[in-house]
Amino acid sequence: MRSNLLRISFLFLLFAPLSWATGKDQADTHEFQLSNGLKLIVREDHRAPTVAHMVWYRAGSMDEINGRTGVAHVLEHMMFKGTDKVKAGEFSRLVAAVGGRENAFTSRDYTAYFQQVEKSKLDEVIKLEADRMSNLNFDDAEFLKEIQVVMEERRLRTEDNPNSLLNESLMATAYMSSPYRHPVVGWMNDLQNMTASDARDWYRNWYKPNNATVVITGDVDAMKVLALVEKYYGAVPVQELPVRKPQVEPPQKGVKQVQVKAPADSAQLAMAWKAPRLEPGKLDNPEPYALELLTAVLDGYDNARLNRTLVKQEKIVNDVGVSYDMVSRGPELFLISATMTKGKTVSQAQASIRKALDEIKQKGILESELKRIKVRILSEQIYKRDSIFGQAMEIGSTEMAGFSWKDIDYMLEKMQTITPEQVQAVAKKYLVDEGLTIAVLDPQARKTVGKEGK
């Protein structure tokens, strides 16, 4: 079982309605609510005899408490350790036996599990997934083995990875109260002190039908799928969920800085500004859409502004990237990161980034530039949406952020109305020092193993 600490890029799901523009529409998608609170969304797509089945729990690392960070991800691992009917390790084998593939992933906002199978095998994977929604049963010995796997995962992906270390320190510095300050994989000390009871408590608290959304896409009939879901998931009783604390992030009042010393080949720079996200019920707010387009202006294609200036012309950095997710449950950052070229400094890169941003703030962007970006992004989505699994991903991730899959069309339409002046305005308003966190990786020499003398 491979676990991905996945963060879904909104640019992937934002332009999902293109599939409807190429022969699909919202009439192909059906939504149901079971009496136990479980939401079911079915999208019919009959182009191939396959089906994707996903269950999404609205419980991720942002729902954890201090001292138990990483438990959402640990429980994801334990979900493969058996029920009263299915022995440890058997889940994956049974899916493979019917020719399917399966996996799971944990993010800050949710945990999700999926299988993709030939359509006649859908009954079998629904039965398996519904069983472990209510009947997970692992012993302490299995937990003790698996927690070692998770700790090793943290060592390999974070502690031995300078880029991950920098990002982890950036998040912990940028946020004061938001649980987004904690890594999804958890702090090592919390993992070392975690018990099987911690994982069982997380399961009992959050893995309930009234905290889950099942998404099924592919060559199916919606009413027949509803009958299957009612048969298996409908038997799981509704239960009261824990009260979620808001943990609102207080306003930032000046530049924050952090330096990380770690073995690496090159220095790295990360600049992150506090930025608003799109909120359910407030889809007309133009600022998140403008920020999304600003990421593309800076880093949306090979000759975008930052790559053209810092990489090709000035040759200050080897690479530069920009990210921002306007759809999430928690507070967001507008992030620019870069890796220095040999002989160049972080100060030089920061000065060039600031210069590029100031140019947008002062002169704005051209209408033709923005139009070209919109067309480019839209054309890319046609290919990305040509996937049964991709459709399930976009629906589930949108729902987990508190939106409806029905909102995606409107989001696309709203994006198309954003003007160059609105992009310029968000750059002026949010890319300012009052909300900036700067993280710098100071590369240290890698240790080498010397040869023993004869």
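Can you find a residue in the stretch 100-120 that is surrounded by fewer than 17 Cβ atoms within 10 Å (Cβ to Cβ) and of a type in the set (D, E)? Scanning the stretch 100-120 turns up at least one residue that is surrounded by fewer than 17 Cβ atoms within 10 Å (Cβ to Cβ) and of a type in the set (D, E). The residue of the stretch 354-392 that is farthest from A427 (Cα to Cα), among those that are touching a helix residue (DSSP H, G or I) at 6+ places or on another chain (Cβ under 8 Å) and in a loop (DSSP other than H, G, I, E, B), is D386. Filtering the stretch 402-436 to residues that are closer than 30 Å to G254 by Cβ and surrounded by fewer than 14 Cβ atoms within 10 Å (Cβ to Cβ) leaves E421, D433, E434.
In summary, E399 fulfils each of the numbered conditions (1) of a type outside the set (S, T, N, Q); (2) surrounded by 14 or more Cβ atoms within 10 Å (Cβ to Cβ); (3) out of contact with any Lys or Arg (no Cβ under 8 Å at 6 or more places or on another chain); (4) touching a residue at least 40 places away in the same chain (Cβ under 8 Å) with the single exception of condition (3).
Looking at this structure, is L40 within 24 Å of W405 (Cβ to Cβ) and surrounded by 20 or more Cβ atoms within 10 Å (Cβ to Cβ)? So L40 passes the test. Just give me the residues in the stretch 178-206 being within 16 Å of the chain's Cα centre (by Cα) and basic (K, R), in sequence order. R181 - this is the single residue of the stretch 178-206 that is within 16 Å of the chain's Cα centre (by Cα) and basic (K, R). Selection of the stretch 83-118 for residues being in a helix (DSSP H, G or I), closer than 17 Å to V55 by Cα and not polar (S, T, N, Q) yields F91, V95. Considering (1) in contact with a helix residue (DSSP H, G or I) (Cβ under 6 Å, 6 or more places away or on another chain); (2) not in a helix (DSSP H, G or I), the lone condition that L294 does not fulfil carries the number (2). The set of residues from the stretch 197-240 being assigned to a strand (DSSP E or B) and closer than 22 Å to L75 by Cα comprises A212, T213, V214, V215. From the list F80, F32, the one residue that fits, being within 28 Å of F403 (Cα to Cα) and either in a helix (DSSP H, G or I) or touching a residue at least 40 places away in the same chain (Cβ under 8 Å) (or both), is F32. Taking T295 as meeting all but one of (1) over 21 Å from the mean Cα position of the chain (by Cα); (2) surrounded by 14 or more Cβ atoms within 10 Å (Cβ to Cβ), write down the number of the exception. Answer for T295: the failing condition is (1). Here the condition is being assigned by TED's automatic domain parsing to the domain that holds A48, touching a Lys or Arg at 6+ places or on another chain (Cβ under 7 Å), closer than 19 Å to A52 by Cα and among the hydrophobic types (A, V, I, L, M, F, W, C); of V220, V229, it holds for V220 alone.
Please indicate, with yes or no, whether at least one residue in the stretch 301-308 is closer than 30 Å to G396 by Cβ, touching a Phe, Trp or Tyr at 6+ places or on another chain (Cβ under 8 Å) and in contact (Cβ under 8 Å) with a residue 40 or more places away in the chain. No; the residues of the stretch 301-308 include none that is closer than 30 Å to G396 by Cβ, touching a Phe, Trp or Tyr at 6+ places or on another chain (Cβ under 8 Å) and in contact (Cβ under 8 Å) with a residue 40 or more places away in the chain.
Within the stretch 118-161, track down each residue that is basic (K, R) and under 16 Å from G186 (Cβ atoms).
As a first pass, look at the stretch 118-161 and keep what is basic (K, R): 119, 121, 127, 132, 145, 154-155, 157.
Within the stretch 118-161, R154, R155, R157 meet the criteria.
Any residue in the stretch 344-358 that is without any contact (Cβ under 8 Å) to a residue 12 or more places away in the chain and not charged (D, E, K, R)? Checked the stretch 344-358: at least one residue is without any contact (Cβ under 8 Å) to a residue 12 or more places away in the chain and not charged (D, E, K, R). Considering R47, R43, the condition of being in a strand (DSSP E or B) and of a type in the set (D, E, K, R) is satisfied by R43 alone. Scanning the stretch 185-210 for residues that are surrounded by fewer than 19 Cβ atoms within 10 Å (Cβ to Cβ) and under 22 Å from M400 (Cβ atoms) returns D201, R204, N205, N210.
Evaluating G218 against the criteria (1) under 23 Å from R329 (Cα atoms); (2) in contact (Cβ under 8 Å) with a residue 40 or more places away in the chain; (3) crowded, with 17+ Cβ neighbours inside 10 Å leaves one unmet condition, (1).
Of all residues in the stretch 132-148, how many are of a type in the set (D, E) and surrounded by 20 or more Cβ atoms within 10 Å (Cβ to Cβ)?
1
If only one of A351, A439 is under 24 Å from Q252 (Cβ atoms), modelled with pLDDT of 95 or more, touching a strand residue (DSSP E or B) at 6+ places or on another chain (Cβ under 8 Å) and not in a loop (DSSP other than H, G, I, E, B), which one is it? Spell out how you get there, then give the answer.
On the way: A351 fails: touching a strand residue (DSSP E or B) at 6+ places or on another chain (Cβ under 8 Å).
The match here is A439.
So in the stretch 225-276, with the set limited to residues that are more than 29 Å from L431 (Cβ to Cβ) and of a type in the set (F, W, Y), which one is surrounded by the most Cβ atoms within 10 Å (Cβ to Cβ)? Ranking the qualifying residues of the stretch 225-276, first place goes to Y233. Quick check on K282: is it charged (D, E, K, R), part of a strand (DSSP E or B) and modelled with pLDDT of 95 or more? No: the conditions fail for K282.
The values are calculated or read from the model by the stated rules, or taken from the named source; none is laboratory data. As the structure is a computational prediction, the values presented were derived from the model and not from experiment. With ideal geometry, Cβ positions are generated from the backbone for all residues, glycine too; neighbour counts draw on all protein chains shown.
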